[in-house]
Amino acid sequence: NIVIVAGALHWLGPVMVPLILALLLSYVLAPVVDFQVKKLRMPQEVAVTVSLLFSLGLLIGFGFLVISSVKALVTDMEHYEVRLKKLSQQASELLDRHTYGADILRDQMELAEIPISA
């Protein structure tokens, strides 16, 4: 039974995704449209159109923001790579020093016959 439902959802994916997005958009924009109709006394068709255009503008603005951020990341990629290698090297050196210090401490504790718990 679950296999049939999963297969149907997979097969209906191209139809379900736009439908679910439309339902989500309707759910999110309903209060905005209601506000425009009741408080601003706009006709419902105009309120829906204004809300859809506003949400489209927000999506386009968000898209431009993401694109500019990715471009900046790609532009500075060499700087990030150099910085990451430097941090990795510093961390490696720090761990090597602490490992060496831990070895000395363990040797000193064994010489003093202090039990070492694992």
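The values are calculated or read from the model by the stated rules, or taken from the named source; none is laboratory data. All values reported here derive from a predicted model rather than from experimental measurement. Don't worry about glycine lacking a Cβ; one is built from the backbone with ideal geometry, like all the others, and counts go over all protein chains shown.
Is there a residue being of a type in the set (S, T, N, Q) and not in a helix (DSSP H, G or I) anywhere in segment 16-27? Please lay out each step first, then the result.
First pass over segment 16-27, keeping only residues of a type in the set (S, T, N, Q): 26.
Remaining after also requiring not in a helix (DSSP H, G or I): none.
No, because not a single residue in segment 16-27 is of a type in the set (S, T, N, Q) and not in a helix (DSSP H, G or I).
Quick check on ALA47: is it small (Gly, Ala, Ser), out of contact with any Asp or Glu (no Cβ under 7 Å at 6 or more places or on another chain) and either surrounded by 12 or more Cβ atoms within 10 Å (Cβ to Cβ) or at pLDDT 90 or above (or both)?
Numbers: small (Gly, Ala, Ser): yes; out of contact with any Asp or Glu (no Cβ under 7 Å at 6 or more places or on another chain): yes; either surrounded by 12 or more Cβ atoms within 10 Å (Cβ to Cβ) or at pLDDT 90 or above (or both): yes.
In short, yes.
Suppose the filter is surrounded by 10 or more Cβ atoms within 10 Å (Cβ to Cβ) and in contact (Cβ under 8 Å) with a residue 24 or more places away in the chain; does SER55 pass it?
On the way: surrounded by 10 or more Cβ atoms within 10 Å (Cβ to Cβ): yes; in contact (Cβ under 8 Å) with a residue 24 or more places away in the chain: yes.
Criteria met by SER55.
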